[in-house]
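What follows is one structure encoded as structure tokens, with my remarks underneath.
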Amino acid sequence: MTRDYVVLCVAATGMSGTTLLSRMLGRLPGFVAVGEVGHLWDKSLIDGRACGCGRRVSECPFWGEVGREAFGGWDRVDARSATGLRGRLLLNHTPLPHPFALPLILHPRLSSTYAENLARYGDLLVRLYDGIARVSGARVLVDSMKVPAHVYAVCARPDLNGHVLHVVRDSRGVAYSNTKLVKRQGEGYRVQRTPSKSARRWLWINQAFRTLERRGVPTTLVRYETFVRSPREELRRIAGDVGAPLAEEDLAFIADDGVTLGEDHLIAGNRVRFAKGPIVLRADEDWRSGLSSAQRLAVTAWSWPLLRRFGYLPTPGGD
Ligand SMILES: [Zn+2]
């Protein structure tokens, strides 16, 4: 049985502006933005981190209702076992790196154990999405988990209508953001990466989402830089692609100098999930002066095939 809602899977590397994009999508009629749902089990239920409204999931009216609707209450959910299943999906605690998960998802016969865990985790996600759809009444669920194995797992479910929102940002901008030391909510710091490592990661992740599109999964490609410059046009295009066309007044929260956000209930994601009121929308291009020429060259060299494909580099002959 397929559902009457679409799961719009935001697919991107980190540092691509997807939290803000998700919140803007969540303001559209018929849409609900729920953040990085794969972190509900560990970051929200176990660690007790706040959702976008500032409350813990156990105290948030929206998530409280979703928990009752989907599972009969969060106390009936074994968050540790769900976290373990998600870890097995990503091949954590195995010698195999994350990219090896993707062929296992596409070809379940390669490993029956993996396929079994994938099915169990998928069942859990379907119950969760069903609960979110019933409580919110939305027809488009915006899930910004982003990581390839999660997106693949959702799109592999025949009982879900997955649609990939592939968000790309210039690899040099991503690499520069990855060099910065940023304190996380709670404790510790965000993972820092060298520019070359960031570029290699950018390449495989974006290639993974292109593979999914080539296999026939409905996909909308959005460039972060285009989105912040023309948010109305891009939101209209995304909404049209998921069969939810917009009226002019649906975009009234966007002004020429920024956007006005309301209260959301996003799980995990960066601090933008807590922002309320007007916020400025501008492309972060600090990398143009922040990266050294050697770093810029290394990142460009590692990522050039897709940088060119996504229009960040001139193509020979201008095609
Ligand atoms: Zn909340």
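Placing dummy labels 7 Å off each Cα toward the beta-carbon, the span from His107 to Phe71 is 3.4 nm.
Scanning the chain for helices, which whole DSSP H stretches are 18 Å or more long along the axis (Cα) and average -1.0 or more by Kyte-Doolittle?
112-136, 195-214, 293-309
By its C-alpha gyration tensor, with a ≥ b ≥ c as the square roots of the eigenvalues, how is the range 196-275 shaped: rounded for a/c under 1.5, else prolate for a/b larger than b/c, else oblate? Oblate is the answer for the range 196-275, as a/c is 1.5 or above yet b/c matches or exceeds a/b. Once C-alpha pairs closer than 8 Å and six or more residues apart are averaged by separation and normalised to the residue number of the range 206-308, the relative contact order reads 22 percent.
Just checking the listed ones, Glu233, Glu213, Glu69: in the Gaussian network model of the chain with Cα springs under 10 Å, the one fluctuating most is Glu233.
Bridges between two residues of the range 6-311, per DSSP, are antiparallel at a rate of about 25%. Decide, for the range 6-311, between rounded, prolate and oblate: order the square roots of the alpha carbon gyration tensor eigenvalues as a ≥ b ≥ c, take rounded if a/c falls under 1.5, and otherwise choose prolate if a/b is larger than b/c, else oblate. It comes out rounded by the Cα gyration axes. Only Cα pairs under 8 Å and 6+ residues apart enter the sum, and on that basis the relative contact order of the chain stands at 29 percent.
The lysine pair tally for the chain, using Cα distances under 20 Å and a gap of 8 or more places or different chains, is 4.
Ordering 40-49, 237-246 by mean Cβ neighbour count within 10 Å, with the highest value first, yields 40-49, 237-246.
In the chain, taking the dipole from charged Cβ atoms about the Cα centre, the farthest positive-side position among Leu165, Leu8, Gln207 is held by Gln207.
For the pair the range 218-239 and the range 273-290, the centres of their Cα atoms are 16 angstrom apart.
Per-residue packing, averaged as other Cβ atoms within 10 Å, sorts the ranges 304-310, 131-137, 152-158 into the order 152-158, 131-137, 304-310, beginning with the highest.
Stretching Thr194 away from Asp47 to a fully extended chain increases their span by 50.0 nm, per 0.36 nm per residue minus the current alpha-carbon distance.
Each reported figure results from applying straightforward, stated rules to the coordinates on display, with no laboratory input. Bear in mind the structure is a predicted one, so any value in this text is a computation, not a measurement. All Cβ positions, glycine included, derive from the backbone under ideal geometry; neighbour counts span all protein chains shown.
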